Amino acid sequence: MMAARMRSRLAWVLLGVVLVAAPWVLSASWLTPLNYIGLYALVCLGLVLLTGMAGLTSFGQAAFVGIGAYTTAVLVTGQGWSPWLSLPVSLVVAGVTAYILGWLTIRLSSHYLVLGTMAWGISIYALFGNMPGLGGYNGIGGVPPISLPGVSASTQQTFFWLIALFVVLAFVAARNLLDSRQGRAIRSLRDPAMAESFGIHVTRLKVIVFVIAALLAALSGWLNAHYVSVVNPGPFGINASIDYLFMAVVGGTTSLAGALVGPALVEVLRTAVRDLVPSLTGMAGGSFEIIVFGTIVILLLQGSGGGVMAVLRRWLPKPRVPRAPVSAEALPRREQPPRGQALLRVAGLTRRFGGLVAVDDVGFELMAGELLGVIGPNGAGKSTLFNLLTGVLAPTAGRVEFAGRSIGGASARHIAGLGVARTFQHVRLRPEMTVLENAALGAYQRSRAGILRSMLRLDRDEEARSLFEARRQLERVGLGEAASLPAGSLPLGQQRILEIARALASDPVLLLLDEPAAGLRYQEKQALARLLRQLRGEGVSMLLVEHDMDFVMNLVDRLVVLQYGQKIASGTAREVQADPRVIEAYLGGIDD
Amino acid sequence: MNATIAALLLQDGLTNGLLYALIALSILIVFLVTRVFWIPAGEMVVFGALSMGFLNTGVLPGTVWLLAILAGVALLSYSWSCWRLREWGHWWGVLAFCVLYPLAVGWLTAWAAPLRPDPIWRALLTLLLVAPLAPLAYLAVFRPIAGATILTKLIVAVALHMVLIGLGLLLFGAEGLRSPALISGRIDIGFTRISWQLVLVLIASVVLMLALWIFFERTLWGKALRATAMNRLGARLVAVRPEASGLLAFGIAGFIGALTGVLIAPISTMYYDGGFLIALKAFIGVVCAAMVSFPAAVAGALLVGVLDAFAAFYASSLRDVIVFAALIPILIWRSLTSRHSEDEE
């Protein structure tokens, strides 16, 4: 552990020395492409967060680069501002634009965002060329370079240091962000229903990631304007935006390093195509360039989709996965209601789909500390009932009361906030995240750290507590050994149990289980039943919706039986088993 | 505003709007059946128009080579997946489509082009050349990623669009082309005079939309496509092969694109890279329809066309800004009317 830390510290120092020394060693013909790679990498870093992590994408990043560049050009050449003063303004203008555009589209599904970014990419480009004061398509010239006080160096050298500094800072901030509570939330945005059920405000977080990507693009634009000293609409059009995305895809959007590898590789390939093709065929290289890149992107996406990084990773050491501390202060706990108090009250609950009444006037109560089963044959309305309780669907009529508060028609996030945790019938984990990280997602709403705190690593105390809580819950359900494996590598039975651990990590008042035994093998069912018994012994209140009669019968305290959307029986397992209507529902009537 | 100008602009706008509507339909069909954003729809139109232009001058259009290239890649890609799955069931059919068809059509074009055929034959040849490009692109590019996320398919569609633009520049050159009208002149309908070209566009669009409607409502294949659009898994369970539906959807899209190219060739000068804006404007029409409804997509595209014509007249440099800015109120309206964002993995 100590040796690893020393080694990583040494690597950072080495990197620093190399980056500081490079401009004195390398000639300008090396520094120019390296500087451009750095400028592209800033934009690509945003695109990796957006595309690879949050599952969104943008074909308009070049427009944000342009906003950053134009803002500083206007302020510095027109108003005589210092570049360092115009930097925050560039960022604010781009950030606000992104915020507005994001809010407009992200509430719809993400493909509208993509179309929107294309349309705005073109519009903003045309605005650059036509807005008064921006110099038309010739742009604004004479943007002064940035000089470092007390250092005599060429523009190339100065910008190498500046760009390297910003790339390293952005990279570290992005890495810190991903390795945090907010990072786990961002990586779960691809499954909005799951994310909402753990209290994550999906729309807001998507907009935030979109804004972060725009800020990185604007930073690149600010540097670019002062580096090339001219700003014109040319490099901010839709084709440039497509270029940026292609670089990110070539590098690989599933890892941050892809944002560095992609631009570097594209720059090398581009030079090669430009030099080689005309000499080989006597034709201009321009059209070949896009044919080659387009084809590479298509082939990479037809493969694993991980880009070049997926190939490189085979030879690289395994990335460090987060580990839970051996001990940490416990996260704040919710107040649990006294045993035997009515926790969930359902009365007259009805849900219609057109003419079909999926849930018809159902009512029951669940006491604190109780394990209540809801069973019924296929099509009995179990899933609809579950969706009504968890806020996925709104009831047509009737009441759902949780701990004295009405939750009928409330959002999934609101219900989760009250202490109702759930599992999913079709397992919904993030397969590429580790078991520990998946479990820690459950503790999201018990911690507070925001985006900025996470980027600056000011969240470590709380993060340790969250990870410790996740570890505690994994050990509670018997998955402690698997903590650092990717969740996708577990067999289905253990994935179900992981979902329970994740739900437990949210310190629930009530745990809702949606057909946890579905698709499990006999041994897996036995293990699950043992776990549920153990949890009941520990006083966890649970509602179990299940199809499998045998699984439920010896497990639950009381049962509610549904058929055709109606409650046909309730009581202890023995009472229900003797009920002729239940027998008829499950075995068919005698006169059928 | 001058009434004569307004009438002319409206005519222009409706003509363009109808063409946008056709493309919007092709985009919507492809999206509903395969979840692919058919961004290269614009390239189909451009290739159609440029082929018309080349045939008009008696030169063999580069589309022949494009057809050959795409067919070759499609055959390779299909054979590769057959080989990997050890499943050669439909290989012979694909072989015929990828080898015999391009050979036959290529030979026909090479024979007919120097003869400078009549407009109607030019149009037919163009349809034969351009329509199969879309299904070939499906076989080569989209079929192997049928199970990928919408996002991945979208990026692939944009990559394909870039490749097609590169090939377009290589095969057609950077010059713009405009063909003579299929039927020239205007007819007087009382308050204004309508160009025959508009009448032709109108008739062709209406016939095509009717044909599509009959296809989707009355034929087994049309119903199979609708079933796939509504529920992929369900359609599969009743033995609608997703591959066949994909091929069919792309076939229809290719045909519509080629036809639109034929119709647009005399109306505006087309360049090899002009397809993207056309496709995006058609997309606005589709967004109006929430990516679901065909009639709403047509209405949306007509509106875009009219807005486009008026914007081009009154503020030509800001034309695209105005048209794309129209997306903002549409999106606000959409986000107010839809409660949930249903993302697919």
Roughly what angle does helix A:2-25 make with the longest principal axis of chain A, taking Cα atoms, 0 to 90 degrees, to the nearest 10? 30 degrees
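Suppose only helical runs count, i.e. DSSP H with n ≥ 4. What mean residue ellipticity at 222 nm does that imply for chain A under -39500 (n - 2.57) per run, divided by all residues and rounded to the nearest 500 deg cm²/dmol? Let's see the in-between values first.
Details: 23 runs with 319 residues, N = 592.
Value at 222 nm, helices only, nearest 500: -17500 deg cm²/dmol.
If I stretch the segment between A:R530 and A:R574 completely, what's the gain in nm (0.36 nm per residue apart, minus their alpha carbon distance), one decimal? If you can, show how the numbers build up before the last one.
Values: separation 44, 0.36 × 44 = 15.84 nm, distance 2.04 nm.
That works out to 13.8 nm of additional length.
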Which of the trypsin sites (Lys or Arg not before Pro) found in region B:84-166 are in a DSSP loop and have at most 11 neighbouring Cβ atoms, other than their own, within 10 Å? B:R86
Which distance in nm do the two modelled labels at A:T396 and B:T337 give, with both placed 7 Å along the Cα-to-Cβ direction? 2.4 nm
Viscosity 0.890 mPa s, temperature 25 °C: what is the translational diffusion coefficient of the protein assembly as shown from Stokes-Einstein with a Kirkwood Rh over Cα pairs, rounded to a whole number of µm²/s? 80 µm²/s
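Per residue of B:322-328, how many C-beta atoms from partner chains lie within 10 Å of its own C-beta, taken as a mean? Write out the running numbers ahead of the final one.
Values: counts 2, 3, 10, 4, 1, 9, 8.
Going residue by residue through B:322-328 and averaging, the value is 5.
What shape does region B:240-345 have by the C-alpha gyration tensor, where a ≥ b ≥ c are the square roots of the eigenvalues, rounded means a/c under 1.5, and otherwise prolate means a/b greater than b/c and oblate the rest?
Oblate is the answer for region B:240-345, as a/c is 1.5 or above yet b/c matches or exceeds a/b.
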What residue among B:F313, B:F255, B:F97 shows peak mean-square fluctuation when chain B is described by a Gaussian network model with Cα springs under 10 Å? B:F313
Please compute how much accessible surface disappears when A pairs with B, both sides summed, using a 1.4 Å probe, and round it to the nearest 100 Å². 4000 Å²
By average C-beta atoms within 10 angstrom, highest first, the peptides B:24-31, A:64-71, B:302-309: A:64-71, B:24-31, B:302-309
Expressed in square angstrom to the nearest 10, the accessible area of B:D320 with a 1.4 Å probe stands at 40 Å²
Considering only protein heavy atoms and a 1.4 Å probe, what is the carbon-and-sulfur percentage of the accessible area of region A:125-223? 63 percent
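Packing-wise, with mean Cβ within 10 Å as the measure, how do B:230-238, A:569-577 rank, highest first? Each step should come with its number before you reach the end.
On the way: B:230-238: 12.3, A:569-577: 16.2.
By packing density, highest mean first, the sequence is A:569-577, B:230-238.
Work out the length of the dipole vector of chain A about its Cα centre, built from +1 on the beta-carbon of each Lys and Arg and -1 on the beta-carbon of each Asp and Glu, and round it to the nearest 20 debye.
Working: 51 positive and 38 negative charges, 235 e Å.
Result for chain A is approximately 1120 debye, rounded to the nearest 20.
Taking every residue in A:165-175, how many Cβ atoms of other protein chains lie within 10 Å of its Cβ, on average? List each step's numbers first, then the result.
Working: counts 0, 0, 0, 0, 0, 0, 0, 0, 0, 0, 0.
Averaged over the peptide's residues, the number is 0.
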Toy charge model, Lys and Arg Cβ at +1, Asp and Glu Cβ at -1: region A:306-444 dipole around Cα centroid in debye, rounded to 20, equals 620 debye
Label-point separation (nm) for B:A244 and A:N378, each offset 7 Å from Cα along Cα-to-Cβ? 2.6 nm
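What is the packing order of peptides A:180-191, A:518-529, taking the mean over residues of other C-beta atoms within 10 Å and listing the highest first? List each step's numbers first, then the result.
Working: A:180-191: 23.4, A:518-529: 15.0.
Packing proxy ranking, top to bottom: A:180-191, A:518-529.
For region A:348-417, which whole percent of the accessible surface, found with a 1.4 angstrom probe, sits on carbon and sulfur atoms? Walk me through the numbers on the way to the answer.
Working: 1240 of 2580 Å².
Its accessible area is 48 percent carbon and sulfur atoms.
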In region A:179-202, which residues give up 40 Å² or more of accessible area once the other protein chains are added, compared with their chain alone (1.4 Å probe)? A:R190
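Using a ≥ b ≥ c from the Cα gyration tensor of region B:3-337 (square roots of the eigenvalues), is it rounded, prolate or oblate, where a/c under 1.5 gives rounded and otherwise the larger of a/b and b/c decides, a/b for prolate?
Details: a/c = 1.77, a/b = 1.23, b/c = 1.44.
Oblate, since a/c reaches 1.5 and b/c is not below a/b.
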Taking a probe of 1.4 Å, how large is the accessible area per residue of region B:3-337, in Å²? 41 Å²
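Could you please put A:H226, A:H111, A:H426 in sequence from largest to smallest accessible area, using a 1.4 Å probe?
A:H426, A:H111, A:H226
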For A:A569, other-chain or 5+-apart residues with amide H closer than 5 Å (H placed, Pro excluded) are A:V561
In region A:466-516, carbon and sulfur make up what percent of the accessible area (probe 1.4 Å)? 50 percent
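Using the beta-carbon distance between B:S317 and B:L8 and R0 = 22 Å, what value does 1/(1 + (r/R0)^6) give for FRET efficiency, to the nearest 0.05? Let's see the in-between values first.
On the way: r = 21 Å, r/R0 = 0.93.
FRET efficiency, B:S317 to B:L8: 0.60.
Shape call for region B:125-261 from the C-alpha gyration tensor, a ≥ b ≥ c root eigenvalues: rounded (a/c under 1.5), prolate (a/b greater than b/c) or oblate? All intermediate terms of the calculation are to be shown ahead of the outcome.
Numbers: a/c = 2.89, a/b = 1.39, b/c = 2.07.
Oblate, because a/c is 1.5 or more while a/b does not exceed b/c.
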Expressed in nm to one decimal, what extension gain is obtained for the pair A:S489 and A:N554 from 0.36 nm per residue of sequence separation less their Cα-Cα distance? 20.3 nm
When all protein chains stay in place, what accessible area (Å², nearest 10, 1.4 Å probe) is found for A:L492? 70 Å²
Roughly how tilted is helix A:61-73, in degrees to the nearest 10 and between 0 and 90, from the longest Cα axis of chain A? 50 degrees
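Relative contact order of region B:3-337: what whole-number percent is it, with Cα pairs under 8 angstrom and at least 6 residues apart? Intermediate results must be reported in sequence, preceding the final value.
Numbers: 507 pairs, mean separation 127.0, N = 335.
Relative contact order, region B:3-337: 38 percent.
Suppose R0 equals 56 Å. What FRET efficiency, 1/(1 + (r/R0)^6) with r the Cβ-Cβ distance, do B:R84 and A:W81 give to the nearest 0.05? Please list the in-between numbers first.
Details: r = 60 Å, r/R0 = 1.07.
Once the sixth-power term is evaluated, E becomes 0.40.
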Residue mean of other protein chain beta carbons inside 10 Å, B:166-176: 3
Tilt relative to chain A, helix A:286-302 - C-alpha long axis, 0 to 90 degrees, to 10: 20 degrees
In terms of Cα to Cα distance under 16 Å, which aspartates and glutamates are near enough to A:K206, apart from those fewer than 8 places away along the same chain? A:D191, A:E196, B:E342, B:D343, B:E344, B:E345
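Starting from the Cα-Cα distance between A:T32 and A:E538, subtract it from 0.36 nm times their residue separation and give me the gain in nm to one decimal. Each step should come with its number before you reach the end.
Working: separation 506, 0.36 × 506 = 182.16 nm, distance 6.48 nm.
Value of the extension gain: 175.7 nm.
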With every protein chain left in place, what is the accessible area per residue of chain A in square angstrom, probe 1.4 Å? 42 Å²
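Need one number: % antiparallel among DSSP beta bridges in the protein assembly as shown, to the nearest 5. Let's see the in-between values first.
Details: 26 of 43 bridges.
Among the beta bridges of the protein assembly as shown, antiparallel pairing accounts for roughly 60 percent.
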1/(1 + (r/R0)^6) with r = Cβ-Cβ of B:A68 and A:S327, R0 = 51 Å, i.e. FRET efficiency to nearest 0.05, evaluates to 0.15
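The values are calculated or read from the model by the stated rules, or taken from the named source; none is laboratory data. Owing to the predicted nature of the structure, the values given are computational and were not obtained by experimental measurement. Neighbour counts are summed over all protein chains in view; Cβ atoms, including those assigned to glycine, are modelled from backbone coordinates with ideal geometry. The accessibility values were calculated without ligands, DNA or RNA, using every heavy atom of the protein model including side chains. Shrake-Rupley method; radii C 1.70, N 1.55, O 1.52, S 1.80 Å.
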